[in-house]
Amino acid sequence: MLMEQRIYKKGTGPAAHPETEKMSLQRGARHLLAKQRGWFPKQRRSAHSVGIIGAPFSYGQKRRGVEGGPQAIRDAGLVERLSGLGCKVHDYGDLNFTTVSNDTPFNNIVHHPRTVGLANQSLTEAVSRAVGDGHLSVMLGGDHSLGIGSVHGHAQQRPDLCLIWVDAHCDLNTPLTSMSGNLHGQPVSFLIRELQDKIPSLPGFSWVTPCISAKDLVYIGVRDVDPAEYYILKNFGIRYFSMKEVDQLGIHKVMERTFDHLIGKQKRPVHLSYDVDAIDPSLAPATGTPVIGGLTYREGMYIAEAVQNTGLLSAMDLVEVNPKLATSDAELNATVNIAIDVISFSLGQAREGSHGKYDELPTPSATYTTNEQTIRL
Ligand SMILES: NC(=[NH2+])NCCC[C@H](N)C(=O)O
Ligand SMILES: [Mn+2]
Ligand SMILES: [Mn+2]
């Protein structure tokens, strides 16, 4: 409730607390409220500096609409949510992608190679800049072919990164094994060093160099694995927790083993690539390749919380939200809100409560001074 007059703690006033940086409306409102009551929110312990990069791109698959993901996620209040968590948010805006003309399929199968290659080249630069600027990079897709550029750009700044890929799919086909021809089913194959003699040179991809080893990657949530992907998982020793392991072990053990594998011996930056189709389609239906039997809301958020708790998250992706595939407003809102929740939990929201808002509790005996009078609360 708004009070008639602003109330300041004794000996303080607006001049004693200059607002040094531009704040979001919500943070500003909270700050004002705190001022009115006479105490101030303290700096959060886990305050991240976050760089948001919108990647409105859909040519890694055939269903248009996923390019509307960043706008839908922003419209639903992502920046305000993150500011409310105490994050310092720098929004880099949306990238402007070029559709290459005469982009004929590679081998008559792989669609839009030049357009996908070029988009990922500019995403690489954007993510590298954001991380170089000192931000935790948050890339909003767009389809999951963007994983190439996001991980690649992150690796330019943090060559020792490891990768957690949360997805119903492995996205591990090579251009020679893909049955769909969609590059969103192939990004990881371009990133893994050990696979490079199996990757043909694709027009638009000459700039790509692999940046992780098979042991630097863990999958969580997979339940739709193509034959070639299974071959690669097994023969290259890639660690993965399918939905079967999530059922057998429980999500807590899955995360424990994930971190044991990736950061057990040595701490290093974590890249979290989160495909919204990892979550069960009954909860997040507005996506292009839904697969029944996915993560519950609680499992999905537990993964994000656990990654945040490592303190090592350095870049993340939230991809495959396709607003055009929602059959109702309710479906759209459910999917977009889950996307925002995944990002928020990855950046410090916690179900047990968040720390940091209060330095101390207000006491009834404290006195507060307005411009004209002293008030006892
Ligand atoms: N990012 C995604 N949703 N990928 C779905 C991939 C589906 C299938 N495995 C393919 O190669 O096309
Ligand atoms: Mn994916
Ligand atoms: Mn997927």
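The values are calculated or read from the model by the stated rules, or taken from the named source; none is laboratory data. All values derive from a computational prediction rather than experimental measurement. Ideal geometry is used to build each Cβ from the backbone, glycine not excepted, and the neighbour counts take in all protein chains shown. Protein only, heavy atoms only, side chains kept; ligands, DNA and RNA dropped before computing areas. Shrake-Rupley method; radii C 1.70, N 1.55, O 1.52, S 1.80 Å.
Structure summary
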{"item": "Length-normalised contact order of region 111-182 in % [C-alpha pairs under 8 Å, at least 6 apart]", "result": "35"}
{"item": "Accessible carbon and sulfur surface of region 49-347 relative to its total accessible area, %, 1.4 Å", "result": "49"}
{"item": "Projected label distance in nm at ARG63 and ASN235, using a 7 Å step from Cα toward the beta-carbon", "result": "3.1"}
{"item": "Charge sum, other residues only, whose C-beta stays under 13 Å from PRO285's C-beta, Lys/Arg counted +1 and Asp/Glu -1", "result": "-4"}
{"item": "Cα gyration tensor shape for region 54-110, rounded if a/c is under 1.5, else prolate or oblate", "result": "prolate"}
{"item": "Euclidean distance between Cα centres, region 266-326 to region 67-81, Å", "result": "16"}
{"item": "Region 49-347, accessible area per residue, ligands and nucleic acids excluded (1.4 Å, Å²)", "result": "37"}
{"item": "Shape call, region 49-347: gyration tensor on alpha carbons, a/c limit 1.5", "result": "rounded"}
{"item": "Relative contact order of region 181-271, defined on C-alpha pairs under 8 angstrom at six or more residues apart (%)", "result": "23"}
{"item": "Relative contact order (%) - region 49-347, alpha-carbon pairs under 8 angstrom, separation at least six", "result": "22"}
{"item": "Number of Lys pairs (Cα under 18 Å; 8 or more positions apart or on different chains) in region 49-347", "result": "9"}
{"item": "Cβ crowding within 10 Å averaged over residues, with 151-157, 209-215, 266-272 ranked highest first", "result": "151-157, 266-272, 209-215"}
